[in-house]
1. Determine one quarter of the surface area of the Cα convex hull of the range 326-431, which equals its mean projected area, and express it in nm² to one decimal.
2. Please state, as a whole number in µm²/s, the translational diffusion coefficient that the Stokes-Einstein equation yields for the range 23-94 at 37 °C and 0.692 mPa s, with Rh defined as the Kirkwood radius across alpha carbon pairs.
3. Over the range 635-732, with the other protein chains present, what is the accessible area per residue in square angstrom, probe 1.4 angstrom?
4. Taking the alpha-carbon set of the range 572-617, what are its Rg and Dmax in Å?
5. Express the accessible area of the range 148-203 per residue in Å², computed with a 1.4 Å probe while the remaining protein chains stay in the model.
6. Mind putting a number on the dipole of the chain about its Cα centre? Charges go on the C-beta only, +1 for Lys and Arg and -1 for Asp and Glu, and I need it in Debye to the nearest 20.
7. With no solvent and one equal point scatterer placed on each C-alpha of the range 601-735, evaluate the Debye formula and give log10 I(q)/I(0) for q = 0.11, 0.15, 0.20 Å⁻¹, two decimals.
8. Would you mind checking the pairs LYS137/LYS350; LYS603/LYS691; LYS33/LYS137; LYS33/LYS61; LYS33/LYS77; LYS61/LYS162 and listing those with alpha carbons more than 19 angstrom apart?
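The values are calculated or read from the model by the stated rules, or taken from the named source; none is laboratory data. From a predicted model like this one, the values you see are computed outputs, not experimental measurements. Using ideal geometry, Cβ is built from the backbone for each residue, glycine included, and neighbour counts are taken over all protein chains shown. In case anyone asks, the SASA skips ligands and DNA or RNA and just uses the protein heavy atoms, side chains included. Shrake-Rupley method; radii C 1.70, N 1.55, O 1.52, S 1.80 Å.
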Amino acid sequence: MMMLRYRIASGLLPLTLGILSSLPSALAADEPKVESPYVFTDAKAGLTVPAGTTEVVYTVKTITPAGWGPTSEATAKVSSGRVEIAPLTEGLHIVTLKLANPAELRFLAIAPPPAIDKAAALALLPHKGQKLFDGQKYTFLSLGDSVTNTGDYESMLLMMLKRATGNQNITFVDRSYPGRSIDASVRNFKADAVANHVDLGLIMYGLNDQAGGCSLDGYLDQYRWLADHLTGDCSADTVFLMPTPDISLSPESTEYSSYMFHTIGFAESLRPLARQLKVPLADTFHAVWGKGAMSLDASGRSMWPVYPEGYDRQFSSMLESSGKGDGIHINALGHLAVARSAFNAMMGIKAPPQPLTFSAVSEWSDAGLVSHVTVRNVSTVRREGTLGLFPLPADDIKSDAPATYALDAGTELRFDVTWPKIKVPQDLLKHPANMYAALGHATFVAVDFSGGGSRVYAVEAPPAVTANFVRERQVVSGNTATVELRDGRRTESVAVKIPADSQVGRIPLVRQIQQDGKTGWAVAELAYVRYAQARAGEATVDGNLEEWADQQWAPVGEPVQARWTEGIIDHRANPQECYLQWAFKAGQKGVYFAVKAIGSIAKDDFTLFFDTREPALLGTPGPYFWVSGNLKDKGIIALSRGETSKVATNLSGAWKQTPSGATLEFFVPYDLMDTSAWPASGDLGCSIWWKSVSTKDPHATNLHWSEDGHPWNTRWYGVIRFDDGKPLPYIVRVK
């Protein structure tokens, strides 16, 4: 979701017609303008008008989260070239000035924040909250993807905090990364957070993470990393924000579907992590969802007011275009919902409790996995409505739940949900079950359609028998890995043999467990890749590999290495269509790479990722560097450094065609990795991602040396070890 970054601010910016339409950037000096894009509802919006105007007739239309709001028409006297307009309600205001050249201006009116409980806020912001209330300089940092980047919830939150606390010395720093996942904020943390001396970090990711196939546990690891480092490196507090709904329609669809929930699994996974870390959680998914409506399609349409006609038209609404527009990036009204949700989380203002609770537990039957679900009415009144049950993306569920329900206060409803894609325990290793169910988070969405609206619940159905292989990364010498199996009561060590002379592979781990007469399964996969070796030396970057004769070579092209986010996806007719062997040299000023390729690779491209941290940190979330390359005419390899690298001295590459394929040689300087030498430990974390487009199949095949589908997480990196004369070990990961 790569979007144009157009705002980096620490205060309020004037709103001009240039924000609202495709007008020339150089506006006339007397062009009507709104003095501030945001105003509290108990204040007035100031508008400047052309010189010489003594009075102006204007009309006002409003858009609220519920739809079109109040309207008015009036005449205002002009004083010193400006008029003031009182907001009609909280919401977008569309003001039409009836001048000789009619003009349309827009602003957002915001209801003032409620009175706050200082003690409650200080308990939630234990590190720097006192600064907020003492009037000291206070800086908060927003971290996120394009949803954060294209909007301005920070300025709205700034207004609320200044008014609620009386502290006028609050600023913010926006460091959002359109098109990126949470790893972007991890790798840029030092520059974004530490260098800006922030007091609070607000984190909102998940849209690209889920859509890009990032693992759920990897996503949560990086949220934890950011929270830990905000505390450890900045003595700052943290607020988690959920990713927001996606109401974009596919071209062939005219109705909204369960795709709207594709972020809810990651969103709700933040709730237990926030509790564990004692971090405030803003229910931003539900804040944007709002009241909803009595069907899924109507609920999607009910969110038109809070999504824009285009991501760069924040003060517009899809309500104005009959649902046409940007259903991914919320507009100013949507960002107001985010700002208020963040404010409430910081100040300990709790939303009214949901009227229903859902609990579930999963067991194995002859037909596969079945989840027993209990719905309880925890409100004080009788409730009647319709339940809609929906799978997460790419999944499937069936249920015997009644279409309608009627529950008196305190009563329950029970039904079963089955998982057609999970017939046997081994199915937990396949996509999409491996995203949630294999982690003990079998999740589906329940929507309560009642009272003229809808409420969304992400229902987790953990196994009745708790048993799992401990998910860890370890270094294994020899050919036997020892993994831990926990069944809730005890821990057992399990020896797993790695096939002799195998450099890379996957081994299923499946164990039946009995507890109190119930049968469960521990299911995981052991992934292994042998370390690569780097020998000391220099090379001439010309594509000839004479000086590489004595190297050890690492394979990239085995069937198990043809992976993407859904597991093994291999569009090659056979590995010989694209099979690579890699070797490495540790030079004085950088790393030399050699590749022996079989197949036609002239249209391929690749990316290498590097982690220079100490060995104990390899395989954990953290900063990294990368270089991308593709093959050009005349034997040139075009190489470019990633965004985290400031320099790349003498980055170069060359390749040559051979009868069976090609040979490649290229040089990556140490300064690209922000270092001056090979890591002192002898180990360099590395990931190799080769995108093969040389097959007859129109789809590319993604070949990875060590990755698990998408290289947005350092947890899956392999290791290149400086030659120490000893046998190379394996990196072993249980996933």
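1. Convex hull of Cα atoms, orientation-averaged projection: 10.0 nm².
2. Approximately 247 µm²/s, per Stokes-Einstein.
3. I get 39 Å² per residue for this part.
4. Every Cα atom of the range 572-617 included, Rg and Dmax give 14.5, 41 Å.
5. 25
6. Charge dipole, the chain, about its Cα centre: 800 debye, nearest 20.
7. Computed log10 I(q)/I(0) values: -0.44, -0.82, -1.29.
8. From the list (LYS137/LYS350; LYS603/LYS691; LYS33/LYS137; LYS33/LYS61; LYS33/LYS77; LYS61/LYS162), the Cα-Cα distance tops 19 Å for LYS137/LYS350; LYS33/LYS137; LYS61/LYS162.
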